1. Among the candidates 48, 58, single out the residue that is under 16 Å from the mean Cα position of the chain (by Cα) and either of a type in the set (Asp, Glu) or surrounded by 13 or more Cβ atoms within 10 Å (Cβ to Cβ) (or both).
2. Any residue in the range 23-38 that's farther than 17 Å from residue 130 by Cα and touching a residue at least 12 places away in the same chain (Cβ under 8 Å): show its pairings with residues that are basic (Lys, Arg) and assigned to a helix (DSSP H, G or I) at Cβ separation under 7 Å, as long as the two are six or more apart or on different chains.
3. Within the range 119-167, restricting attention to residues that are charged (D, E, K, R) and either closer than 22 Å to residue 4 by Cα or in contact with a Leu (Cβ under 6 Å, 6 or more places away or on another chain) (or both), which residue is surrounded by the fewest Cβ atoms within 10 Å (Cβ to Cβ)?
4. Within the range 1-23, which residues are surrounded by 11 or more Cβ atoms within 10 Å (Cβ to Cβ) and among the aliphatic types (A, V, I, L, M)?
5. Which of (1) closer than 25 Å to residue 155 by Cβ; (2) assigned to a loop (DSSP other than H, G, I, E, B); (3) modelled with pLDDT of 95 or more; (4) not polar (S, T, N, Q) does residue 38 not meet, given it meets every other one?
6. Given the conditions (1) crowded, with 16+ Cβ neighbours inside 10 Å; (2) over 24 Å from residue 145 (Cβ atoms); (3) of a type in the set (Gly, Ala, Ser), and given that residue 35 satisfies all but one, which numbered condition is not satisfied?
7. Across the range 63-73, which residue is farthest from residue 27 (Cα to Cα) among those that are part of a loop (DSSP other than H, G, I, E, B) and either touching a helix residue (DSSP H, G or I) at 6+ places or on another chain (Cβ under 8 Å) or free of Cβ contacts under 8 Å to residues at least 60 places away in the same chain (or both)?
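The values are calculated or read from the model by the stated rules, or taken from the named source; none is laboratory data. What you see is a predicted model, and the numbers here were worked out from it, not measured in a lab. When we count neighbours, we look across all protein chains shown, and the Cβ atoms used for this are built from the backbone with ideal geometry, even at glycine.
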Amino acid sequence: MEDIRELETERLRLRQWTVEDFPTFADYYSRAQTAQFVGGVKTREEAWRHMALQAGHWSLMGFGYWPVEEKGTSDFVGCVGLWQSIDWPEMELGYWLLEKHYGKGYAREAGMRCKDIARHVLKAPSLVSYIDARNKPSIRLAERMGAVYEKTVELANYGPHGVYRYF
């Protein structure tokens, strides 16, 4: 299988987690406005455990969420990737960006690369994004990446979420 731990797109580098990512990660999760659709606000300790969870998913599954940075500046852009825990219904494509990087097309660029990895490298039988109906920007992004709304499900401990299917 192709090594997918480090990926590139035209403008972005998708890489593995480092301790240096933590201050930005913790700040993102400390604010209700940014964290509301990705599990909610977390204390520093909870954010640390959540970042460690992201890194651990890679060890257990061989894929996960990549920290995303701009190639030219190495500036941390956000987090985009694939998730499939034991009780998760299907492989999910998820994403979040720092506010200063909204509107640049980075989430779509990285998301399309992840979608390609899910289909052609991981040979996933399906790929979806689970999106809270209030998260209109995320719904628009999923649709721009080719996802189609299928139904609403009760997602684990996260409440009702729309299933947006890529394949």
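1. Among 48, 58, only 58 is under 16 Å from the mean Cα position of the chain (by Cα) and either of a type in the set (Asp, Glu) or surrounded by 13 or more Cβ atoms within 10 Å (Cβ to Cβ) (or both).
2. The qualifying pairs are 26/44.
3. 123
4. Hits for the range 1-23 are 4, 7, 12, 14.
5. (3)
6. It fails just one condition, (2).
7. The extreme case among them is 63.
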